[in-house]
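Working notes, beginning with the structure itself.
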6 protein chains.
Amino acid sequence: MSILKFAIFYFLFHLSYAQTNIVDFCVADFNYPVGPAGFPCKNPANLTADDFVYSGLGVAGNTSNILGVGVTFAIDLTFPALNGLGLSMSRLDIAVGGVVPIHSHRVSELIIVIEGTIIAGFIDSNDKVYSKTLNKGDIMIFPQSLLHFQVNVGNTPALAFVSLNSASPNFQITTTSLFSNDLPTEIIRKISLLDVTQIKKLKKILGGTN
Amino acid sequence: MSILKFAIFYFLFHLSYAQTNIVDFCVADFNYPVGPAGFPCKNPANLTADDFVYSGLGVAGNTSNILGVGVTFAIDLTFPALNGLGLSMSRLDIAVGGVVPIHSHRVSELIIVIEGTIIAGFIDSNDKVYSKTLNKGDIMIFPQSLLHFQVNVGNTPALAFVSLNSASPNFQITTTSLFSNDLPTEIIRKISLLDVTQIKKLKKILGGTN
Amino acid sequence: MSILKFAIFYFLFHLSYAQTNIVDFCVADFNYPVGPAGFPCKNPANLTADDFVYSGLGVAGNTSNILGVGVTFAIDLTFPALNGLGLSMSRLDIAVGGVVPIHSHRVSELIIVIEGTIIAGFIDSNDKVYSKTLNKGDIMIFPQSLLHFQVNVGNTPALAFVSLNSASPNFQITTTSLFSNDLPTEIIRKISLLDVTQIKKLKKILGGTN
Amino acid sequence: MSILKFAIFYFLFHLSYAQTNIVDFCVADFNYPVGPAGFPCKNPANLTADDFVYSGLGVAGNTSNILGVGVTFAIDLTFPALNGLGLSMSRLDIAVGGVVPIHSHRVSELIIVIEGTIIAGFIDSNDKVYSKTLNKGDIMIFPQSLLHFQVNVGNTPALAFVSLNSASPNFQITTTSLFSNDLPTEIIRKISLLDVTQIKKLKKILGGTN
Amino acid sequence: MSILKFAIFYFLFHLSYAQTNIVDFCVADFNYPVGPAGFPCKNPANLTADDFVYSGLGVAGNTSNILGVGVTFAIDLTFPALNGLGLSMSRLDIAVGGVVPIHSHRVSELIIVIEGTIIAGFIDSNDKVYSKTLNKGDIMIFPQSLLHFQVNVGNTPALAFVSLNSASPNFQITTTSLFSNDLPTEIIRKISLLDVTQIKKLKKILGGTN
Amino acid sequence: MSILKFAIFYFLFHLSYAQTNIVDFCVADFNYPVGPAGFPCKNPANLTADDFVYSGLGVAGNTSNILGVGVTFAIDLTFPALNGLGLSMSRLDIAVGGVVPIHSHRVSELIIVIEGTIIAGFIDSNDKVYSKTLNKGDIMIFPQSLLHFQVNVGNTPALAFVSLNSASPNFQITTTSLFSNDLPTEIIRKISLLDVTQIKKLKKILGGTN
């Protein structure tokens, strides 16, 4: 077998699409504005394995807050290799009694419990609740766009990882959506059926005005 | 020009793919279970123009209820020609002071106001409110999955149509999601920061238990 | 409940993905070229509710033309908040006897008749016609890519709105496609089976050459 | 290296997802109705290489018709292995002076000329014509949903293959759409601007009524 | 606030789309054949939280095999709630010195290391290697369809979870693809450049014939 | 029929969406970086039919190399009109005894044999081989991401064209992926089960190090 001949083939075969490896992946280049499908891609010639590895989820989140929860995100903005690949991951540290408040996002989410015991649940569009206690090694799926939550009901801190099928999921927390902005109290009352006293109390806590 | 010869061509040309018109559209056949992409299709040979027209949105919805709103849906289940085509439409009748309560769905929504004056708004995932008074002829876009609402703030009944880019959108109403099921009061308190008194009051109104 | 503690949580929780709200929507920034998925996004920090509302469909289109029709478009180019969200809307004003000529587009279309009486129809790829008279409140679906048309057959002007599941639909009008450009008469004759006299007559009206 | 040990691994590793190879491909099972994403899949256990090979395009189409064209389709209905894979292919035999009439379809098309000389072209939604003479080895792209055509302008029969990115493309031929059904002459006149005489003449040739 | 009146609203508002909650999720019903988009859905009325939770990943895989690896899959076939939601998860137990052999799949994969130290890597289509040592808490992305592998290079067993953005990923292991079937030795030699001796040796180990 | 009046209509109707024809197609502009959905689009005003035609596949590839194969690509980088349209085509020239080595790519591929006799095959994720001899006019489908190959087993050079449903497919050749880079021999041994001697021999031929 002739090395030379193969090298020629190899040269010819690869040269013609040498640049196409750009489509293998698309590490986000933040020097350009994002578009509907994500960020433009960095030149792959300058990439190394370091671009595809992220260590941020190895550090416990700070749970010294009122909810007793620390959330750390590996999404396109923190881990740009995810751009265009339709996946992200987050780390949940939940103190004893801590809570990931009720929220939703466009895409679906899989949770895996690594330590501790939590109650996790979601609510479907017919208002039916699907809620269950999860222990170490259990996984649960939260279907796209439905409200869901997690509560540490064990006696030890809980650790879980969640995976979502978007590199850039949005997260909408119901309570801060209602009470931490300038949406007028009277409007909130009408669209939520909550009492004015309750609304004003939570606005005060969460920084809402009007 | 020979009619005969063309007819032969026509026969040949069309025969070979005669059955492919099945892909032009896919009117839902409810005799089969739905799948992730929608319902199986009815045989197109039996379809007429009537299958592609729906008159249900021509009738005003009943607004004699506590929210003063009537919503009528043209979705795959009521208008099966929409199946697989990624569009649906709904009619909103809102009495004076009436409300479409805060809710969300997977897909985006365009509203057009036909009669009356409403305040419409949505909240983004950073808790910023985008809210505006809409009059006859105004349209507003509510981006996919974000919480939004409409309130009739005029002196006359309001009429609007909304279009969503799914034949089978889900609608999740925040308030009934929280208070009209068996989600325990203590869990609701933790995941929403609402007071127990408030939760119990709304559970009573909306039929919630626990 | 400590405001301070919650504020700390809130800060931590939101800071980490503060910029991700960019994915909630993607208002088109026309300073950059469009791509296959749409335009790059404006910085959301500068957006207000006004960016998400469009009033152009509130004005009747001019029907003083040979077809008796005025079409007004709310698409990405006129209403940039639609960019990336897969929806657009257009207003049809059709004078008595007026016509939306036969045309097609990549995506599906839902029409709702607000005033008047029209005949609307589409033709499937087996040449079968689905045509029906629509009155106020009726909706009809025109499946993606199929030829369709609307004619005002009532005694009063007609008003309708159409919704399409693309922010940037293309519209191809069959008659102007054939007769308002430099496609040679002999080619048109061969590919359409129309007579040379007819072709030349319409080219003259529609500005075609060759 | 122990064969036995590897065999155990192999058994364990493969057993757990043995049935998942069903997702490698989805050969259409015509015993079930089609859905928006295609036909249900045959059991892969019964498939052989023969299911993935089709010889129908090896035979020249009959061009003894008024258009001088024979079109042979390898689509899901004739070659069920294409189901769900988003590709199809067709063979065009075009006699001297023969024509593939102006038509459109939802998806894009690539043509490659194997023998002969044709003029091929498409028209964009601004009515601009892109037309060129193609010789052996030339390829041309016809973007999704735009009207296009091919004419043999050489002195020998032409042979070409077209590839479309759908296993089940629809084909809408403009001329038969207008003249080979029961669409009333007066409607056609209004929506196409064609003369009544022309319409009646082509209806007669193509079997149209009304 | 009248409970009765709200109940009426609630009834009206929900009744009209009661069945639409079927689109919230689509738990696979294995009584029907799979299609290109997944399995048909079970009736949601019969579902409970148990359908959305899977405990199979809580058990360590058996690593007593030649590769020293145990892989446990949570995919649509084992965890049917994933059907149609575009996510799956797998558990990797890798003994000291153990290996997940080089393989590929259609979709992208995120790995998170829970215990131990591994070398993970992928190769792009320009033959460039991206390989790195991963420790507890590190994540790495393997872009869709590219060859990749993991090797335990630490002194303790390794545990990792991988998430893929398909409910039904295919896994193609390069070595068994080549040597554990009836692909003739001479063909393998030609398409892989491997020596006949090597091919025959691995065929013997892996059960290949011809 | 008044030319003037029609012209006015035409002006009004077209002006309002004049720029939308940009979405008909998106010829790649290489002055901007690529993104996950492809390159930004050239201004369509400057395009001509030449942009949509490519003649590079009309020239036979050079088969004077060790594999006896010449591959010529019409992909976005060589034929920028394909950008965003989800199709590409390549030409395979295979000398007597020549080989397209085993490889894979994200998308599906249809091959059509124009001259000669080849054996083509693919392997599914259960290691089952689907292999068959193809003659002139035969087509075969290689489903997305699965390993496949072609070998000229006839007595004459073979010519084939392949169509893939991506404008920018990646191609991963198994043998060069393993042996033409710096992946350490010991790692290759572990992840492939190949012998060190074999690995070193092919590294030498293919330029691999370590």
Test D:Thr185 against the criterion of being more than 9 Å from every other protein chain (Cβ to nearest Cβ), open to solvent by 10 Å² or more (accessible area, probe 1.4 Å) and either farther than 20 Å from D:Ser145 by Cα or touching a Ser or Thr at 6+ places or on another chain (Cβ under 6 Å) (or both), and give yes or no.
yes
Applying the selection to segment B:56-69, what residues are within 12 Å of chain C (Cβ to nearest Cβ) and not in a loop (DSSP other than H, G, I, E, B)?
B:Gly56, B:Leu57, B:Gly58
Going through segment C:102-119 one residue at a time, which ones are under 21 Å from C:Ser64 (Cα atoms) and open to solvent by less than 10 Å² (accessible area, probe 1.4 Å)?
C:Ile102, C:Val113, C:Ile118
Within segment C:33-84, of all residues that are on the phi > 0 side of the Ramachandran plot and at pLDDT below 95, the one least open to solvent (accessible area, probe 1.4 Å) is C:Gly38
Out of the residues in segment D:188-199 meeting the condition of being closer than 21 Å to C:Gln150 by Cα and out of contact with any Leu (no Cβ under 7 Å at 6 or more places or on another chain), tell me which one is surrounded by the most Cβ atoms within 10 Å (Cβ to Cβ).
D:Ile191
Has segment E:147-154 got at least one residue that is aliphatic (A, V, I, L, M), touching a strand residue (DSSP E or B) at 6+ places or on another chain (Cβ under 6 Å) and more than 17 Å from F:Thr185 (Cα to Cα)?
no
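Table: residues versus (1) aliphatic (A, V, I, L, M); (2) in contact with a strand residue (DSSP E or B) (Cβ under 9 Å, 6 or more places away or on another chain).
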| residue | (1), (2) |
| --- | --- |
| D:Val96 | yes, yes |
| D:Ile111 | yes, yes |
| D:Ile114 | yes, yes |
| D:Ile119 | yes, yes |
| D:Lys128 | no, no |
| D:Ala160 | yes, yes |
| D:Leu164 | yes, yes |
| D:Phe171 | no, yes |
What are the residues in segment E:1-32 that are part of a helix (DSSP H, G or I) and modelled with pLDDT of 90 or more, if any?
E:Asp24
Looking at segment F:148-158, can you tell me whether even one residue there is within 13 Å of chain D (Cβ to nearest Cβ) and open to solvent by 10 Å² or more (accessible area, probe 1.4 Å)?
no
How many residues are closer than 19 Å to C:Asn126 by Cα, polar (S, T, N, Q) and at pLDDT below 95 when one looks only at segment D:146-195?
3
Looking at (1) open to solvent by less than 10 Å² (accessible area, probe 1.4 Å); (2) more than 7 Å from every other protein chain (Cβ to nearest Cβ), which is the only condition E:Gln172 fails?
(2)
So F:Ala167, is it part of a loop (DSSP other than H, G, I, E, B) and at negative phi:
yes
Select from segment C:42-55 the residues that are assigned to a helix (DSSP H, G or I) and of a type in the set (Phe, Trp, Tyr) and list them in ascending order.
C:Phe52
Just to check your reading of the model, which residue among E:Glu115, E:Glu109 is more than 7 Å from every other protein chain (Cβ to nearest Cβ), more than 14 Å from the chain's Cα centre (by Cα) and among the charged types (D, E, K, R)?
E:Glu115
Of all the residues that make up segment F:127-139, how many are touching an Asp or Glu at 6+ places or on another chain (Cβ under 8 Å) and open to solvent by 10 Å² or more (accessible area, probe 1.4 Å)?
3
Does segment C:70-82 contain at least one residue that is touching a residue at least 60 places away in the same chain (Cβ under 8 Å) and away from chain B (no Cβ under 14 Å)?
yes
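The values are calculated or read from the model by the stated rules, or taken from the named source; none is laboratory data. Computed from a predicted structure; not experimentally measured. Virtual Cβ from ideal backbone geometry, glycine too; neighbours counted across all protein chains shown. Just the protein is used for accessible areas: all its heavy atoms, side chains included, with ligands, DNA and RNA removed. Shrake-Rupley method; radii C 1.70, N 1.55, O 1.52, S 1.80 Å.
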